[in-house]
Amino acid sequence: PGVGVGVTFELAENLDLVPRLNWYMPSRGNRFTAEADIHYNFTTVNESFYLYPLAGIGIYHRSWKEDDESHNRNKILGNLGAGIGYPLTENFTAFGEIKYQMVAGESNDTFVTIGLSYCF
């Protein structure tokens, strides 16, 4: 499990830049990512839903203690995935994503995100 915060910037019609900060709660230590994804929004499902593929890059940080010694690791990461959004009101949108995250020298992982965004 984890918690994150992000902002979506519309670069062009149907093209968004989405920087995010995520903090994960592993059983041991801390894990943090700072990443930026590009979304291309399709409205082919119907007028209410939109789908998007995503791709991005970021920084992965992990810290833990072992044998009374502190360890830190910073790596480059890459994201590939897809998402779906559903506007609830003029200002609120529910969304879900599935993302495959590749981290250099670490095990790759798949993440599922469910969230609510506020549109200004």
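General remarks:
- Computed E for F49/Y118 - FRET, C-beta separation, R0 22 angstrom, nearest 0.05: 0.75
- Heavy atoms of D68 accessible to a 1.4 Å probe, total area in Å² rounded to 10: 150
- Radius of gyration and Dmax over the Cα atoms of the stretch 1-70, both given in Å: 16.6, 56
- Entry comment: accessible area of the chain is 66 Å² per residue, from protein heavy atoms only and a probe of 1.4 Å.
- At most 12 other Cβ within 10 Å, DSSP loop - trypsin sites (Lys or Arg not before Pro), the stretch 1-96: R28
- Of all the options L54, L11, L21, the one that moves most in a Gaussian network model of the chain with Cα springs shorter than 10 angstrom is L11.
- Think of the chain as having a plus end and a minus end, set by charges on the Cβ of Lys, Arg, Asp and Glu; of G78, G6, L88, G78 sits farthest toward the positive end of this dipole.
- In this rough spin-label picture, where each label sits 7 Å from Cα along the Cβ direction, the K65-S107 distance is 2.4 nm.
- Nearest-10 value in Å² for the accessible area of S117, using the 1.4 Å probe: 40
- Accessible surface of the stretch 5-120 [probe 1.4 Å, protein heavy atoms]: carbon and sulfur percent: 59
- Rounded to the nearest 20 debye, dipole of the chain from Cβ charges on Lys, Arg, Asp, Glu: 280
- Long-range tail of P(r) for the chain (Cα pairs > 18 Å, %): 54
The values are calculated or read from the model by the stated rules, or taken from the named source; none is laboratory data. The model shown is predicted, which means the values in this text are computed figures rather than measured ones. No Cβ is skipped: glycine too gets one built from the backbone with ideal geometry, and neighbour counts run over all protein chains shown. These accessible areas exclude ligands, DNA and RNA; they are computed on the full protein's heavy atoms, side chains included. Shrake-Rupley method; radii C 1.70, N 1.55, O 1.52, S 1.80 Å.
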